[in-house]
4 protein chains.
Amino acid sequence: MKIGFIGLGNMGAPMALNLLKAGHALNVFDLSVEAVRTLVDAGAQAAASPKAAASDVECVITMLPAAAHVRSVLVAADGILAGIAPGVPIIDSSTIDPTSVKAFAELAAAHGNSFVDAPVSGGTGGAAAGTLTFMVGGSASAYEQVKPVLLAMGKNIVHCGDTGTGQVAKICNNLVLGISMAGVAEAMSLGEALGIDTKVLGSIINTSTGRCWSSDTYNPMPGVIETAPSSRGYTGGFGTDLMLKDLGLATDAARGVRQPVYLGALAQQLYQTMSTNGAGRLDFSAVIKLYRSRDRGGDGQGGTQ
Amino acid sequence: MKIGFIGLGNMGAPMALNLLKAGHALNVFDLSVEAVRTLVDAGAQAAASPKAAASDVECVITMLPAAAHVRSVLVAADGILAGIAPGVPIIDSSTIDPTSVKAFAELAAAHGNSFVDAPVSGGTGGAAAGTLTFMVGGSASAYEQVKPVLLAMGKNIVHCGDTGTGQVAKICNNLVLGISMAGVAEAMSLGEALGIDTKVLGSIINTSTGRCWSSDTYNPMPGVIETAPSSRGYTGGFGTDLMLKDLGLATDAARGVRQPVYLGALAQQLYQTMSTNGAGRLDFSAVIKLYRSRDRGGDGQGGTQ
Amino acid sequence: MKIGFIGLGNMGAPMALNLLKAGHALNVFDLSVEAVRTLVDAGAQAAASPKAAASDVECVITMLPAAAHVRSVLVAADGILAGIAPGVPIIDSSTIDPTSVKAFAELAAAHGNSFVDAPVSGGTGGAAAGTLTFMVGGSASAYEQVKPVLLAMGKNIVHCGDTGTGQVAKICNNLVLGISMAGVAEAMSLGEALGIDTKVLGSIINTSTGRCWSSDTYNPMPGVIETAPSSRGYTGGFGTDLMLKDLGLATDAARGVRQPVYLGALAQQLYQTMSTNGAGRLDFSAVIKLYRSRDRGGDGQGGTQ
Amino acid sequence: MKIGFIGLGNMGAPMALNLLKAGHALNVFDLSVEAVRTLVDAGAQAAASPKAAASDVECVITMLPAAAHVRSVLVAADGILAGIAPGVPIIDSSTIDPTSVKAFAELAAAHGNSFVDAPVSGGTGGAAAGTLTFMVGGSASAYEQVKPVLLAMGKNIVHCGDTGTGQVAKICNNLVLGISMAGVAEAMSLGEALGIDTKVLGSIINTSTGRCWSSDTYNPMPGVIETAPSSRGYTGGFGTDLMLKDLGLATDAARGVRQPVYLGALAQQLYQTMSTNGAGRLDFSAVIKLYRSRDRGGDGQGGTQ
């Protein structure tokens, strides 16, 4: 199948490479020359604009930082809608707000194209391995149409419901994630301060009612889970600033529907403190640094050292 | 083995029954006549006081509501220490603060007895089925000494470390539990307000990074997990007032060691609001009522209807 | 002086009337025909568009609900910049985010006009009485240029600094206000629950270190301050949804500069709960309803009754 | 009048000195020999025990750190009740929980003595100057009986209601204080980050709806109020650990009556973070250090450097 791919960043590049591996032909566009070259070296064709990337293809995929980028790539004079043929589906894998998604879907529909939101979870590792989870929002027919393409980049393709629900699923999952990670950080730090061995505490929580991904897979206390970022200086993993972005989407969406998110709003402030103090690029589990005082191996400084 | 058992409430009674089933002989004491009768009918011997219950036995077990009860049962004129023989271990399965545990252990030691804290998780169901988890704090030798007795009442017997660490483990696990449940309640309510099918949202969270016991086993949104209290009107399960008690122990312990617990302190207020509004006896997952407005099937009233 | 005035809502209309009273000539525009008629009856001239309202005047004033309205009124084909003469100052008294203000000021500057932000405090009462406080952001010369006009509508005209700082002052003041009101609500409700006479408690706080406008002028407990909205069913005053809007501006601005606002974010959720439960139009001091249980004369329901 | 005074700390000593200045005769007791000597040098008589201090006097005053101290000083074998004559009033100026006050009052009543709670505000400065505010809980007659004595140590003597309400008033005032200070810290830090001159912002808040003691008298931003601790390195003033103690009393009292205190519980965690990081002895307005990042003159470290 011939596919237009726009946005070759840390996530987009490996996703595009997997499409090539699966035998698809790609028209790629990105503002970064090197990003484009990497894909061209792998067999893709460089496009001069989003419009060119979207011309004469059977499907268009976008993977961009925020709603503003998606909008301009879509509606600019040299944008997707200026080049895409009617009936060709547009898949947006960016993580953005559900309201924007609905607006973009209307713009696409007016042009005779379906627009499905398909944000991912699984991180750069999952993108490279082709094991991402795609949360898809759109009609049943649109879902069936794009599923084969997504299967070349991911393992689980979930139909969440109508347009925008893919983003809702992503936002709500990450809301739980941001809260539970900070909650585990609090409990592990408290246990440490009260004198229990943190590995023992971790194993008890992980076999009890407190068990969660933030504890059994990504425990923020160094040494509890050897494969977690906390055991390698909070490098790699899911950046604090990305969590901050997703919690921002969650609290904004909540405000829009007048829905209280007490813990989410507070967790957002905790990650914001980390970011303020220069720890925005550390894995988000570094939030535990806010809880551990120096004399207990932490720094009590929002990760500034 | 001959065992003295003090405190035959919702948890203590079934635990004591399992000891009888396992072939142990029991001296039981409780202020409630009916509670005692039930055990006597099952083959236990009634004791006139904690002192009497602790006399001429090889082990003493207490299961009481709060530290104040444990203290009086221990040191009163007709209390355990007045009747127990030196060398006989005392197992306290109540959930109380670690500081009191240490004080009680010193009192017992001065009398020649070991005092191990062994709070449980698993609820009344686990108590009846004999599948409780015991979190044991005490010396390695004391742990080995009491383990066989505990195995008659539970499935997992975990040695957490020195005296008090059993309580620390219980408190820290329930701190994560209280936070993650409120977090899942926020996310499920937000998703509902944003128009995603809550069963779909639940299944996505449960296979993604937001997965936790509060979502995959005890999801607070009715209909997501058929076996959860939320699917039967929040009856049975783990009461809101009990969660409130445990979060109180956690925030108090945190204050004692000057350890911040931002989300725990806030979650405590949420459960307190439920309790204020008359929902203290509902399962703690009913906290979701604080998030769902009437027009979405909830009541937005802290569960007062 | 001849002035163009755009936006004749609850605030704008009385402000415009005071300009007429001061002897200024007005070109007025609003989408509401009745709103315009009221001003025309008072001696203003009706304009067919923002462009028309801004043509042939010595000053333009806008008073609109949100940044989006200011933008369209400014840049639309029939907008202000299409009709205004170079050198004529634009005064925006809307409460919007500082970032938008800077963008609008650049658009105006490119057209040869100064754009000062001049949000107000004092409410509809102050607007009618001409006693508003104006927080002005802009150059010293722009401030001197607009001050005489503002004095016809307000009592205190404060120069806060460069463009946008008027909005910063307003946002920061209302952040303190939203937090202190909820804090007073907590303390008054706690005192009531603990059995102290609420009038006595109010008088003690108001003569001690807890004193604040939210307690000594606008106390949320009914009966403590006879002139406060709480003593007349929370009618009139500063609406909960308006406080919610301002706290939203504060938390968004904080996110933009990575500045934590723990209490502000939490207070926002409290007002959001009120709004969710149908109390968005009540005075924001009604947030105390979240704290008072029914049996203490409150409703424990987020003001739904 | 002959008075027994027990507890000669930072507050008790200057209070006792003012009683001497007023011409009262004092029997003083404290565990610190130097503390006692200072008072003896000023004309007081040293007592060998609380019992001795309470013997043959017309009034007894206690000023102690916590409820546990008051209890032992009251009921110990050589305690007050062992020496006091029936009918002699006991005034406790310690800040403790209302529940303990009621228990102590019953013990005293059983012995034929009235026990009034009379916590103070005004700090060490007010204690030395004799300008303290006393919040008195007790019967009208008991209040009239102790008022003349209190007037020798304070300026405002307020009758709050029955036994315990003095403590309720103190706790509720300091709950508002702890919240509003953190709220002002958030707003001042946000304004600073958004580029407004902090003196200008302070003056606007202090003449607007955000005005409060924490802003107009004790502003946490250095340089805004020259006489505030923030302008002298947060030395002197009201210590963070004392605020932490009072917020602990407030949240505990709230739990006891199932009253939510969302902002109070969160504010408590903020001061706890300060204390964790070694800033417990700084004035509580130093909580602003949690909000200011290094590049803005703060340290973003909970004041650890």
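Kindly check whether there is at least one residue in the range A:53-62 that is in a helix (DSSP H, G or I), farther than 25 Å from A:K21 by Cβ and in contact (Cβ under 8 Å) with a residue 24 or more places away in the chain.
no
Out of curiosity, is A:G112 farther than 30 Å from A:G223 by Cα and either assigned to a loop (DSSP other than H, G, I, E, B) or not assigned by the TED database to the domain that holds A:L64 (or both)?
So A:G112 fits the description; yes.
Is it the case that some residue within the range C:172-182 is among the β-branched types (V, I, T), in contact (Cβ under 8 Å) with a residue 60 or more places away in the chain and either farther than 30 Å from D:A193 by Cα or at the interface with chain D (Cβ under 7 Å from one of its Cβ atoms) (or both)?
yes
With respect to the numbered conditions (1) in the same structural domain as B:F284 (by the TED database); (2) open to solvent by 10 Å² or more (accessible area, probe 1.4 Å), which one is the sole condition not fulfilled by B:N156?
B:N156 satisfies all of (1) in the same structural domain as B:F284 (by the TED database); (2) open to solvent by 10 Å² or more (accessible area, probe 1.4 Å) except (1).
Failed condition for D:V36, given (1) more than 20 Å from the chain's Cα centre (by Cα); (2) part of a helix (DSSP H, G or I); (3) more than 26 Å from D:T131 (Cβ to Cβ), with all others met?
Unmet for D:V36, out of (1) more than 20 Å from the chain's Cα centre (by Cα); (2) part of a helix (DSSP H, G or I); (3) more than 26 Å from D:T131 (Cβ to Cβ): (3).
Which members of the range B:49-82 meet the condition of being closer than 22 Å to B:A152 by Cα and charged (D, E, K, R)?
If the condition is that a residue be closer than 22 Å to B:A152 by Cα and charged (D, E, K, R), then B:D56, B:E58 are the ones that fit.
Take the range C:15-24 and flag every residue that is open to solvent by less than 40 Å² (accessible area, probe 1.4 Å) and in a helix (DSSP H, G or I).
If the condition is that a residue be open to solvent by less than 40 Å² (accessible area, probe 1.4 Å) and in a helix (DSSP H, G or I), then C:M15, C:A16, C:N18, C:L19, C:L20 are the ones that fit.
Test of understanding: among A:A46, A:A53, which residue is farther than 30 Å from B:L190 by Cβ and open to solvent by less than 20 Å² (accessible area, probe 1.4 Å)?
A:A53
When you check A:A85 against the structure, is it more than 14 Å from chain B (Cβ to nearest Cβ), hydrophobic (A, V, I, L, M, F, W, C), open to solvent by 10 Å² or more (accessible area, probe 1.4 Å) and closer than 26 Å to B:I196 by Cα, yes or no?
So A:A85 does not fit the description; no.
List, please: which pairs have Cβ atoms under 9 Å, are six or more places apart or on different chains, and start with a residue in the range A:122-146 that is charged (D, E, K, R) and end with one that is outside any helix (DSSP H, G or I)?
Every condition considered, the pairs that remain are A:E144/A:H159.
Okay, residues lined up against (1) surrounded by 19 or more Cβ atoms within 10 Å (Cβ to Cβ); (2) assigned to a loop (DSSP other than H, G, I, E, B); (3) more than 19 Å from the chain's Cα centre (by Cα):
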{"residue": "C:G4", "(1), (2), (3)": "yes, no, yes"}
{"residue": "C:A13", "(1), (2), (3)": "yes, no, no"}
{"residue": "C:L26", "(1), (2), (3)": "yes, no, yes"}
{"residue": "C:L64", "(1), (2), (3)": "yes, yes, no"}
{"residue": "C:H69", "(1), (2), (3)": "no, no, no"}
{"residue": "C:L81", "(1), (2), (3)": "yes, no, yes"}
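So which of C:G223, C:G154, C:G195, C:G202 ends up being facing chain D (nearest Cβ under 9 Å) and of a type in the set (G, A, S)?
When all the criteria are applied, what remains is C:G195.
Since A:A35 meets every condition but one in (1) at negative phi; (2) in contact (Cβ under 8 Å) with a residue 40 or more places away in the chain, which condition does it not meet?
(2)
So is D:G154 touching a strand residue (DSSP E or B) at 6+ places or on another chain (Cβ under 8 Å) and modelled with pLDDT under 95 or not?
no
Quick one: in the range B:136-151, which of the residues that are in contact with a His (Cβ under 9 Å, 6 or more places away or on another chain) and buried (at least 17 other Cβ atoms within 10 Å of the Cβ) is farthest from the other protein chains (Cβ to nearest Cβ)?
Here the answer is B:V149.
Does the range B:284-296 contain at least one residue that is open to solvent by 10 Å² or more (accessible area, probe 1.4 Å), assigned by the TED database to the domain that holds B:N174 and at pLDDT 95 or above?
Checking the range B:284-296: not a single residue is open to solvent by 10 Å² or more (accessible area, probe 1.4 Å), assigned by the TED database to the domain that holds B:N174 and at pLDDT 95 or above.
Please enumerate the residues belonging to the range B:4-23 that are over 21 Å from B:I80 (Cβ atoms) and touching a residue at least 24 places away in the same chain (Cβ under 8 Å).
B:N10, B:P14, B:L17, B:N18, B:K21, B:A22
Within the range B:123-136, identify whether any single residue is among the small types (G, A, S), at pLDDT below 95 and in a loop (DSSP other than H, G, I, E, B), and answer yes or no.
Checked the range B:123-136: no residue is among the small types (G, A, S), at pLDDT below 95 and in a loop (DSSP other than H, G, I, E, B).
Only residues that are more than 8 Å from chain C (Cβ to nearest Cβ) and in a helix (DSSP H, G or I): list them for the range D:157-166, please.
If the condition is that a residue be more than 8 Å from chain C (Cβ to nearest Cβ) and in a helix (DSSP H, G or I), then D:G166 is the only one that fits.
Being away from chain A (no Cβ under 11 Å) and over 15 Å from B:G123 (Cα atoms) narrows it down to one of B:G239, B:G233, so name that one.
B:G233
Looking only at the range B:91-105, count how many residues are open to solvent by 20 Å² or more (accessible area, probe 1.4 Å) and farther than 15 Å from B:V73 by Cα.
3
The values are calculated or read from the model by the stated rules, or taken from the named source; none is laboratory data. Just so it is clear, the model here is predicted, and its values are computed rather than measured. For neighbour counting, all protein chains shown are included, and Cβ atoms are generated from backbone atoms with ideal geometry for every residue, glycine included. Surface areas here come from the heavy atoms of the whole protein model, side chains and all, with no ligands, DNA or RNA. Shrake-Rupley method; radii C 1.70, N 1.55, O 1.52, S 1.80 Å.
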